[in-house]
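Here is the structure we will look at.
The values are calculated or read from the model by the stated rules, or taken from the named source; none is laboratory data. Note that the structure is predicted; figures quoted are calculated from it, not measured. No Cβ is skipped: glycine too gets one built from the backbone with ideal geometry, and neighbour counts run over all protein chains shown. These accessible areas exclude ligands, DNA and RNA; they are computed on the full protein's heavy atoms, side chains included. Shrake-Rupley method; radii C 1.70, N 1.55, O 1.52, S 1.80 Å.
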Amino acid sequence: MSDNMAAKIGEIVQVHNDNPVKRVPIARPSFGREGKQIKLLSNHFTVKLSGIDAVSIKSEDDKVIDGKGIGRKVMDKVLQTYSSELAGKEFAYDGEKCLFTVGPLPQNNFEFTVILEETSSRAAGGSLGHGSPNQGDKKRSKCTHLAKKIVVGISYAAKIPLKSVALALRGSESDHAQDALRVLDIVLRQQQAKRGCLLVRQSFFSDDFRNLVDLTGGVSGCRGLHSSFRTTIGGLSLNMDVSTTMIVTPGPVFDFLLTNQNVRDIRDIDWPRAKKMLKNLRVKAIHNNMEFKIIGLSDEPCSRQTFPMKVRNGSSEGETVEITVQEYFKSKQVDLTMPYLPCLDVGKPKRPNYVPIEVAGTNPLCHMVSLQRYTKALSSQQRATLVEKSRQKPQERMRVVTDAVKNNRYDDDPILSSCGIKIEKQLTRVDGRVLSAPTLVVGNSEDCIPNRGRWNYNNKVRLFEPVKIERWAIVNFSARCDMSRISRDLINCGRTKGIIIERPFTLVDEDSQSRRCTPVVRVESMFEKVKANLPGPPEFLLCVLPERKNCDLYGPWKKKNLHEMGIITQCIVPSVKMNDQYYTNVLLKINAKLGGMNSKLSLEHRHMIPIVNQTPTLILGMDVSHGSPGRADVPSIAAVVGSRCWPLISRYRASVRTQSPKVEMIDSLFKPLDDGKDDGIIRELLLDFYKTSQQRKPKQIIIFRDGVSESQFSQVLNVELNQIIKAYQYMDQGPIPKFTVIIAQKNHHTKLFQENTPDNVPPGTVVDSGIVHPRQYDFYMYAHAGPIGTSRPTHYHVLLDEIGFLPDDVQKLVLSLSYVYQRSTTAISVVAPICYAHLAAAQMGQFMKFEEFAETSSGSGGVPSSSGAVVPELPRLHADVCSSMFFC
């Protein structure tokens, strides 16, 4: 390797030994040049540039106060009471332990005492009070607003010079740059917090019913805004975008319960389920205008639920009597119309406090407080509704973000003004380039040129490498299905695409009595019928399911076929639109699963892919899928796909493992066992590459990694990459390959727009200037067409490039890999290896019932995780299907 080439690889040349030098993301070598120029606008707003203190908040008995929301109230009180001691300085507070000022405070340590009235949500009393509900609202009110003495300590921690931002903009590494940006972001958050907004990371949501989208089930999508400062090659910018979070639909608790459980009559409510749903939500009691947190439901209905109440008898102290909730409200001239309902318990575990759920007359007695986050997983229908109703055309999104910057009046913020920060009110102009779509090859080796990211297989266009299906059958779990028609239409459509499909050996209907059984039993019963009707194992089974989404049969069916039987299967759902396009899409999946190829790149067909074609190259796609929000007991699923049959880049094999919940770094890439064997993912993919690539070992490995943030880049380079290298060395494969590591990010807020047209950015658009990182090697790519809403680019980061790609070559390779996705006839938004890894993780994740993991994780079949806990192991694929593209 020449000195020039070594310098090009990066600032740190990796030495592959037992003590590798720590890798850092490489700097941008140069810019891409190919493609047609295009003028664009971005949702970045130019920022013109003309200390940190630590906070502790304690009660007077020296107990640390740690409650959401109370910190900001305490610090507001400090500013009001001790402004002169703080030299009249404005400050930004992050709501936890960090306080930021412009310039130093008069001294390094302060201790202030403030008096804070407890808010109603923390009050001891409630609708019934505790002890004396008949002594008047006034006295009750005094009891629920207790003055509390709080001690606030402020001590100097560090100085964060804003000039570090300027250094970062010039490409210099600065330890303080991210801290300085965090300070500026906190200033924006504080401004929105003062306006009563819900803050979710770097997004904020206002209490305006016009921003709500009803998702049914008592859940609403709340549209808000994301804002964050970014260092770019064009200078500091404010990234402003539309954001959505899920909240509990505000309104009467009575209505919420009916909607949440999708029932019309309150008597049909599943109360244990309602108790679980309501716990920790906040409500406002209408009759006294106070907020409370729900801790549960009463054990008895209002008519029988009692509580102790003191009753005065003349001038005597009075006596304590037991009174029902219904009797209490009747004494207050409130007649409960549904005394058979339980009450909300809004007190404390040993001091219950009850509020009726029902509506008295036309007035609800309690409301769900607005802007309460809903953190549970959405149903498929809710997700579909959210996507449909949240769409915004490019022109509308441009208007919304531009108006937001103008209306928020950031230039009036005293802290930003003190820092000499001014924010432009117009979208930033950006230069982009539109790369030409790669030419594809289809049946009869004919060239196919995609048009705006799309192509199709009409009656004249056949698949590049169609399979022949001889031994197959149809199994039917749906009562509303004409299997003969499905068979006939599938065979006819296959014939036009070049797939020869013989008549199915048998059509197997599920027994009506089996439909009442559990999913596993239903699948086992169906297989017994299949075995009885076939002379031998089929090469393919078409399965008709009764439901499109979240069908309970899907996981057991896939596990039975792919793990136990070694049979390729395709699931479909009867639809009113089962036309030629529908069957074509189904056949694309079937053909790929059975080893065929629908299309491939012309350059791939002619062995002309730059760099990849000359040297054996393995392409890896890596992704980790996590369980639903709130399910800490559900293992994460790590999937890696590897290319096979070099020099092809259109065929892949998947390897999938479980790992500890919510862990993003893949811990099973290299996994030596006690017997000396490596049971890791990479060994499996390296062996497959060797067997299918004329016994060639990969000399180059290109890694596409999905799902990691910028803070995890170092772990990818120094943990995951090291594990891949160890797996290679463990097999005694010879010299270590050269690596190129590329991160793909979809979870970001940068959008691009065409200036003089309402259309989305055209497919093939790439941007590597203006809004990219001032030093690191990144670019934005729109590989796909966006006919609906505002499309989002994929943000690619090249962390390491030992292979030595030119920027144009990297960008064209990324675009090409967006056209080899065998499941569709459109370019996709991210490279196919990453999509395949995501599909493989999702499909094999259905093999096991994750609800049972908490109970079974200590049993057999588990493997120790990096945290020491035992994680249940996924069933391995059958030998007959493990090298197939079963995930298509």
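Before moving on, here are some points about what is shown:
- Taken together, the residues in region 660-693 that are touching a Pro at 6+ places or on another chain (Cβ under 9 Å), under 14 Å from SER643 (Cβ atoms) and not small (Gly, Ala, Ser) amount to 3.
- Odd one out for ASP482, checked against (1) surrounded by fewer than 17 Cβ atoms within 10 Å (Cβ to Cβ); (2) under 30 Å from SER791 (Cβ atoms); (3) not β-branched (Val, Ile, Thr): (2)
- ARG495 among the basic types (Lys, Arg) and assigned to a loop (DSSP other than H, G, I, E, B): no
- Restricting the first member to region 375-402 and to residues that are surrounded by 13 or more Cβ atoms within 10 Å (Cβ to Cβ), and the second to residues that are of a type in the set (Ser, Thr, Tyr) and not in a loop (DSSP other than H, G, I, E, B), the beta-carbon pairs closer than 8 Å and six or more apart or on different chains are LEU386/THR244; SER390/THR244.
- Enumeration of residues in region 672-685 that are surrounded by 23 or more Cβ atoms within 10 Å (Cβ to Cβ) and either of a type in the set (A, V, I, L, M, F, W, C) or outside the structural domain of PHE739 (by the TED database) (or both): ILE681, ILE682, LEU685
- Taken across region 658-665, residues that are among the hydrophobic types (A, V, I, L, M, F, W, C) and closer than 16 Å to TYR836 by Cβ do not occur at all.
- Condition met for LYS348 (open to solvent by 50 Å² or more (accessible area, probe 1.4 Å) and under 20 Å from ASP255 (Cβ atoms)): no
- Per the listing LEU258, LEU198, LEU215, the residue uniquely open to solvent by 10 Å² or more (accessible area, probe 1.4 Å), under 22 Å from the mean Cα position of the chain (by Cα) and not acidic (Asp, Glu) is LEU198.
- Any hit, region 658-665, residues being on the phi < 0 side of the Ramachandran plot and in contact with a Cys (Cβ under 8 Å, 6 or more places away or on another chain): no
- Entirely in region 775-872, the helices (runs of 4 or more DSSP H) that have 1 or more residues that are open to solvent by 40 Å² or more (accessible area, probe 1.4 Å) and modelled with pLDDT of 95 or more: 807-817, 832-844
- Within region 327-345, if we keep just the residues that are polar (S, T, N, Q) and farther than 19 Å from LEU257 by Cβ, the residue that is most open to solvent (accessible area, probe 1.4 Å) turns out to be GLN333.
- Residue satisfying condition, being open to solvent by 10 Å² or more (accessible area, probe 1.4 Å), more than 30 Å from ASN747 (Cβ to Cβ), in a strand (DSSP E or B) and of a type outside the set (Asp, Glu), within set LYS284, LYS275: LYS284
- Residue that is within 30 Å of PHE713 (Cβ to Cβ) and of a type outside the set (Lys, Arg), where the choices are THR569, THR584, THR617: THR617
- Whichever residue in region 408-434 is more than 20 Å from THR750 (Cα to Cα) and not in a helix (DSSP H, G or I) and, among such residues, is modelled with the lowest pLDDT: CYS419
- Qualifying residue in region 676-685 (condition: closer than 20 Å to PRO735 by Cβ, of a type in the set (D, E, K, R), out of contact with any Asp or Glu (no Cβ under 6 Å at 6 or more places or on another chain) and assigned to a loop (DSSP other than H, G, I, E, B)): no
- Once region 603-659 is narrowed to residues that are within 20 Å of THR692 (Cβ to Cβ) and of a type in the set (Ser, Thr, Tyr), the residue that is most open to solvent (accessible area, probe 1.4 Å) is THR615.
- Applying the criterion of being part of a loop (DSSP other than H, G, I, E, B) and within 32 Å of the chain's Cα centre (by Cα) to the residues of region 686-722, the residue that is surrounded by the fewest Cβ atoms within 10 Å (Cβ to Cβ) is SER709.
- Scan of region 617-662 for residues that are in a loop (DSSP other than H, G, I, E, B) and of a type in the set (Phe, Trp, Tyr), ordered by number: TRP646
- The residues of region 410-438 that are loosely packed, with under 15 Cβ neighbours inside 10 Å and within 30 Å of LYS497 (Cα to Cα) amount to a single one, SER436.
- Residues that are surrounded by 21 or more Cβ atoms within 10 Å (Cβ to Cβ) and over 11 Å from GLY347 (Cα atoms) within region 287-297 comprise just one, MET290.
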